[in-house]
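Worksheet for the structure shown next.
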Amino acid sequence: MSFLRKWVQAIFSLLTNAYWAFPFTRTIYQGPMKVICAPGLNCYSCPAATTYCPIGTIQQLLASVRLTLASGQLLVGFSVVGFIGMLGGLFGRMICGWACPFGFLQELLYKLPTRKFLVPRVLRYGKYFFLAFFVVLLPLIVVDDFGGGVTWFCKYVCPAGTLEAGLPMLVMQPSLRAQVGGLFLNKFVIMIFVLVWSVLASRPFCRTICPLGAFYALFRKVKLVRLRLNENNCTNCHACHAVCPMGVKFNESPDDAECITCLACMHKACRFEAIYLEVGGIPLGPAPAPRHVRDAREVS
């Protein structure tokens with residue numbers, strides 16, 4: 001299953017970055033596929049990107065909402081929110097584990113042979129801060145005299161944008177190098193920090209910073225595809241703790257918002273069939289025993 005997931009991650013990364021003519025055109029792709037929203041975090045301005053980034057689009061939407069309403073256009077265009085909301089309702093953070101190019105990159109970096117460190121769980125709330133303030137509130141509230149805002153997360157934070165778009169465009173268009181200033185250097189430092197951290201810890205950006213991951217995590221209670229715990233079979237051996245790339249202790253919190261449904265706990269760790277996949281309420285594995293059977297076991 002791990003092998004299959006790696007292939008799915010690679011395919012999604014290639015599909016969302018399939019424009020390989022950019023070394024010759026020296027510009028970003030602007031073709032018909034650019035109207036498609038990527039399910040994972042992938043910079044719109046990446047020269048190879050064939051889709052647009054949901055987080056960048058939401059910021060653009062909120063940053064321009066006052067100008068749009070002032071011009072009489074009451075249909076603000078929340079289709080992207082509906083699209084990723086639909087994905088969240090179906091899969092939740094499974095998108096992070098199977099379809100996000102930047103998540104895939106972090107997993108590859110983590111394979112480098114170095115000493116590894118844990119990510120403090122308290123830092124997981126950071127991504128909700130970035131979602132609430134950098135993606136929603138600041139673009140909506142902090143505006144210029146004309147009522148326009150800026151894309152705060154993309155402009156000041158996003159390491160994926162720096163890696164996928166900023167650096168390649170500086171290489172392809174040397175004229176842009178003269179415009180490099182403190183803002184780019186600040187984002188470059190953030191990018192280096194995240195990449196180095198990804199070598200030392202498992203998926204730190206996903207766990208502490210990514211606003212898209214925070215958005216998908218909001219659907220943890222309602223998503224259709226989820227992992228379930230068969231408490232009758234669970235021996236609390238904690239084997240699932242060691243293999244989870246997101247630091248989830250599945251036997252203790254099976255509805256943890258950090259779970260990316262990578263299935264590592266089910267296929268690589270659990271030997272007692274205590275973890276199974278459920279789709280729309282239908283178990284795809286050993287289902288829990290009926291209540292009267294559990295009661296009989298407890299009595300015996």
Query - Choice from Phe78, Phe24, Phe102 with maximal GNM fluctuation in the chain (Cα, 10 Å cutoff) - result: Phe24
Query raised in the report: Met33 versus Phe184, label points 7 Å from Cα toward the beta carbon: distance in nm?
Result: 2.7 nm
Report summary line: Scoring the chain by relative contact order with C-alpha pairs under 8 Å, at least six apart, yields a percentage of 21 percent
**Report entry** Solution diffusion estimate, µm²/s, Stokes-Einstein, region 1-157, Kirkwood Rh from C-alpha pairs, 37 °C, viscosity 0.692 mPa s
**Finding:** 187 µm²/s
Query raised in the report: Gap in Å between the Cα centre of region 183-255 and the Cα centre of region 1-59?
Result: 22 Å
Query - Hydrodynamic radius by Kirkwood, which averages 1/r over all alpha carbon pairs of region 128-244, in angstrom - result: 17.5 Å
Query raised in the report: What is the ratio of the Cα radius of gyration of the chain to 2.2 N^0.38 Å, where N is its residue count, to two decimals?
Result: 1.11
Query - Leu123 versus Phe272: modelled label distance in nm, points set 7 Å from Cα along the beta carbon direction - result: 3.2 nm
Report summary line: If each K or R counts +1 and each D or E counts -1, the residues other than Gly148 whose Cβ falls under 14 Å of its Cβ total 0
Query raised in the report: Roughly how many percent of the accessible protein surface of the chain is carbon and sulfur, given a 1.4 Å probe and a whole-percent answer?
Result: 69 percent
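For each pair in Lys34/Lys223; Lys155/Lys221; Lys6/Lys268; Lys127/Lys221, compute the distance between the two Cα atoms and list the pairs where it is over 22 Å.
Listed pairs above 22 Å: Lys34/Lys223; Lys155/Lys221.
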Report summary line: For the chain, whose charge dipole is built from +1 on Lys and Arg Cβ atoms and -1 on Asp and Glu Cβ atoms, the candidate among Ala132, Phe102, Ser45 with its Cα farthest towards the positive end is Phe102
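The values are calculated or read from the model by the stated rules, or taken from the named source; none is laboratory data. Not measured: the values here are computed from a predicted model. Neighbour counts run over all protein chains shown; Cβ positions are idealised from the backbone, glycine included. Calculation scope for accessible area: heavy atoms of the full protein, side chains included, ligands and nucleic acids excluded. Shrake-Rupley method; radii C 1.70, N 1.55, O 1.52, S 1.80 Å.
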